[in-house]
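The values are calculated or read from the model by the stated rules, or taken from the named source; none is laboratory data. All of these numbers come straight from a predicted model, not from anything done at the bench. Note that each Cβ is placed from the backbone with ideal geometry, even for glycine, and that neighbours are counted across all protein chains shown. Side chains are part of the model used for accessible areas, which takes the heavy atoms of the whole protein and leaves out ligands, DNA and RNA. Shrake-Rupley method; radii C 1.70, N 1.55, O 1.52, S 1.80 Å.
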Amino acid sequence: MATNQTDTTTQSNMMNNPGGFVQENKKSLAIIGGAIVALILLYIGYQQFYLAPRAKTAANEMFKAEEYVAVDSLADRAIKGDGSYPGFEKIAEEYSSTKSANLANAYLGGLYLQKGEFEKAVDALGNYSSTGSPVIDPLVLGMTGDAYSELKEYDKAITYYKKAADKSDNTFTAPLFLKKLGLVYEEQKDFKAAADAYNKIKEKYPTSYEASVVDAYIARAEARL
């Protein structure tokens with residue numbers, strides 16, 4: 001299953017229109033926890049979760065919700081169920097001590113973000129317990145940062161983006177959340193901290209997608225010091 005991420009702001013526009021951060025922030029901070037993260041979680045869930053021990057009943061009941069999560073128009077069924085199969089809300093509540101319920105909370109967080117229900121996203125993601133997954137664990141932390149960003153609770157967003165970037169030293173999640181960290185710092189007018197976050201992407205993750213576009217972000221932040 002493939003996902004695509006497109007940077008819709010060119011480097012020249014970024015430099016010529018530093019005041020356009022709000023629009024950029026809306027697109028960049030808003031929510032990889034939408035369809036993209038839901039699809040990533042679906043893929044990682046199958047690869048990581050189903051190979052691990054699990055509560056059989058919960059796992060068997062969850063597969064239909066996981067099918068629905070891949071289709072934007074069926075997000076409500078993924079959350080609430082379809083009458084024949086339970087949704088993630090019921091699985092998270094009724095099987096709270098199982099690995100299925102834990103993963104259901106991660107799915108719920110992404111789906112609530114997609115729907116713009118940010119308080120619910122924070123609550124669901126807060127019920128997720130770290131599993132040691134190098135991808136799901138930092139994604140959950142980062143999605144929590146996304147929710148707080150949308151709620152304009154930027155100090156909390158910064159805390160979670162830092163945790164997400166530090167959680168797993170890989171070229172997918174770490175640079176992604178360092179970029180979001182920099183954007184939040186820019187929103188708070190802390191351009192030194194923003195430049196530091198962007199430079200860390202360039203220095204530590206030079207082969208990442210974020211590194212390929214980060215020079216313009218660095219230049220913008222440094223120009224406003």
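Details
- Using a simple spin-label model with pseudo-atoms 7 Å out from Cα toward Cβ, Phe63 and Thr207 lie 3.6 nm apart.
- When the square roots of the Cα gyration tensor eigenvalues are ordered a ≥ b ≥ c, the ratio a/c for segment 76-135 is 1.5 or more and a/b does not exceed b/c, which makes its shape oblate.
- In the assembled protein chains, Val140 presents an accessible area of approximately 10 Å² (probe radius 1.4 Å).
- Under 5 Å, built H, 5+ apart or other chain: amide partners of Gly81: Gly87, Phe88
- Compared with the direct C-alpha span, the chain from Asn170 to Glu93 gains 24.5 nm at full extension, assuming 0.36 nm per residue.
- Stokes-Einstein D in µm²/s, Kirkwood radius over Cα pairs - segment 159-225 at 37 °C with 0.692 mPa s viscosity: 288 µm²/s
- Segment 101-225: translational diffusion in µm²/s, Stokes-Einstein, Kirkwood Rh over Cα pairs, 25 °C, 0.890 mPa s: 169 µm²/s
- Where GluC sites (Glu not before Pro) fall in DSSP loop in segment 147-205, at most 16 other Cβ within 10 Å: Glu153
- Peptides 154-161, 100-107, 204-211 ranked from most to least packed by the mean count of surrounding Cβ atoms within 10 Å: 100-107, 154-161, 204-211.
- Filter on Lys99/Lys162; Lys120/Lys179; Lys99/Lys200 - keep pairs with C-alpha separation over 29 Å: Lys99/Lys200
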